[in-house]
Amino acid sequence: MPEISAMPDFSPGVPADRLPAHVAFIMDGNGRWAKARGLNRFEGHLRGVKTVMEVVENSFRFGIKTVTLYAFSTENQTRPAEEVAALMNLLKTFIGEYLPDLLKNEVRLRVIGDISWLPEDVGAAVKNAVSRTEKFSGHTLVVALNYSSRDEILRAVSAYAKDVAAGTQATGTPSWETFADYLDTAGISDPDLIIRTSGELRLSNFLLLQAAYSEFYFCDTLWPDFSKEDLKKALADYASRERRFGKTGEQIRR
Ligand code: IPE
Ligand code: IPE
Ligand code: MG
């Protein structure tokens, strides 16, 4: 990634105040991209990593502060063992190769999901990158790894109940803010925009609670083909929407 500040004229095509602060991507379609070319599914994942780097770089240059990537769901564990192993290897290589870029551009890496499940070497690489970028605050890259929303909620409820039992948390109904601090996304703003590629119209257990007021954008492009122009289209669509958060349109426009 070249330095983010190096291209001040890089425009998303929408006014800065209509830009989402946080965009989350459900990166889907790697397998179908490969199949359409007579390639092994792994080739699709490999090409998908290239897209990841481009999309993250473009998002930050456009002025988006936080990018979340759904990289591996808890349910993806049930894929054929060789695909899971290949994805884990790819993840480790990606983290190793990408860390210098994150450091250079002062991007904080956060991980959501249950990473205790990851193979030891992969988990160690992830933890190292997270701790080495901990001090940065300008841009945040959140990677959902072995993540499922229901799993996250169960872990949060159990940690919360433990604190109540220990007396470090009050009994009674907590405020949303208090409970949200137990989620993997503690301290990360909710996604303003969630983009899913490959034509699938579902969340697949992704950020169910955090998406309460997110805007959704679905496109048919398969993830390996998702381009800067696709991203600009999604941002233009987002910019045209009126987010009302329960209020009337008149209240919002006043
Ligand atoms: C997304 O692509 C990547 C992961 C879920 C790891 P897929 O592998 O789901 O690709 P399709 O949906 O089979 O085309
Ligand atoms: C969702 O994609 C998970 C990721 C993008 C990592 P899937 O391809 O696993 O989702 P489903 O199974 O089609 O819902
Ligand atoms: Mg898929």
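From the convex hull of the Cα coordinates of the stretch 1-90, what is the mean projected area in square nanometres?
Average of the hull's projected areas for the stretch 1-90 equals 7.3 nm².
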Sorted largest first, the Cα spans of the chain on the principal axes come out in Å as 57, 52, 36
Karplus 3J(HN,Hα) series, Hz, for the stretch 127-144 with 6.51 cos²θ - 1.76 cosθ + 1.60 (x for Gly, Pro):
4, 4, 5, 5, 6, 6, 10, 4, 7, 7, 9, x, 10, 10, 10, 9, 10, 8
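Could you calculate the contour length gain from GLN77 to ALA170, that is, 0.36 nm times the residue separation minus the distance between their Cα atoms, to one decimal place in nm?
Gain on stretching GLN77 to ALA170: 29.8 nm.
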ASN89-PHE136 FRET efficiency (beta carbon distance; Förster radius 41 Å; 0.05 resolution):
0.95
Reachable aspartates and glutamates from LYS50, Cα under 19 Å, same-chain residues fewer than 8 places away excluded?
GLU3, ASP28, GLU83, GLU97, ASP101, ASP220, ASP225, GLU229, ASP230
Per-residue HN-Hα couplings for the stretch 24-37 [Karplus 6.51, -1.76, 1.60; θ = phi - 60°; Hz; x = Gly/Pro]:
10, 10, 9, 7, 10, x, 4, x, 5, 4, 5, 4, 4, 9
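Can you pull out the GluC sites (Glu not before Pro) in the stretch 162-254 whose DSSP state is coil and whose Cβ has at most 16 other Cβ atoms within 10 Å?
On the way: sites: GLU177, GLU200, GLU215, GLU229, GLU242, GLU250; in loops: GLU200, GLU242.
Passing both the DSSP loop test and the Cβ count: GLU200, GLU242.
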Lys and Arg at +1, Asp and Glu at -1: add these up for the other residues within a Cβ distance under 12 Å of LEU154 and post the number.
-2
The stretch 76-115 scanned against label point 7 Å out from LEU154 along Cα→C-beta; backbone N under 13 Å for 114
Checking a compactness column here: for the stretch 114-254, what do you get for Rg(Cα) / (2.2 N^0.38 Å), N being the number of residues?
1.27
Can you compute log10 of I(q)/I(0) for the stretch 57-120 with the Debye formula, treating each Cα as one identical point scatterer, at q = 0.14, 0.15, 0.22 Å⁻¹?
-0.52, -0.59, -1.07
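Could you compute the FRET efficiency for PHE179 and LYS35, with r as their C-beta to C-beta distance and R0 at 35 Å, rounded to 0.05?
That gives a FRET efficiency of 0.25.
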At what distance in nm do the modelled label points of GLU54 and ALA186 sit from each other, each positioned 7 Å from its Cα along Cα→Cβ?
3.8
Fully extended contour minus Cα-Cα distance, from ASP121 to PHE218, at 0.36 nm per residue
31.5 nm
Using θ = phi - 60° and the Karplus form 6.51 cos²θ - 1.76 cosθ + 1.60, what ³J(HN,Hα) does each residue of the stretch 187-195 get, whole Hz, x for Gly and Pro?
x, 9, 5, 5, x, 7, 9, 10, 10
For each pair in LYS104/LYS232; LYS35/LYS127; LYS65/LYS127; LYS92/LYS162; LYS65/LYS233; LYS92/LYS228, compute the distance between the two Cα atoms and list the pairs where it is over 30 Å.
LYS35/LYS127; LYS92/LYS162
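Each value in this text was obtained by applying a stated rule to the coordinates, not by laboratory testing. Note that the structure is predicted; figures quoted are calculated from it, not measured. We place every Cβ from the backbone using ideal geometry, glycine too, and count neighbours over all the protein chains shown.
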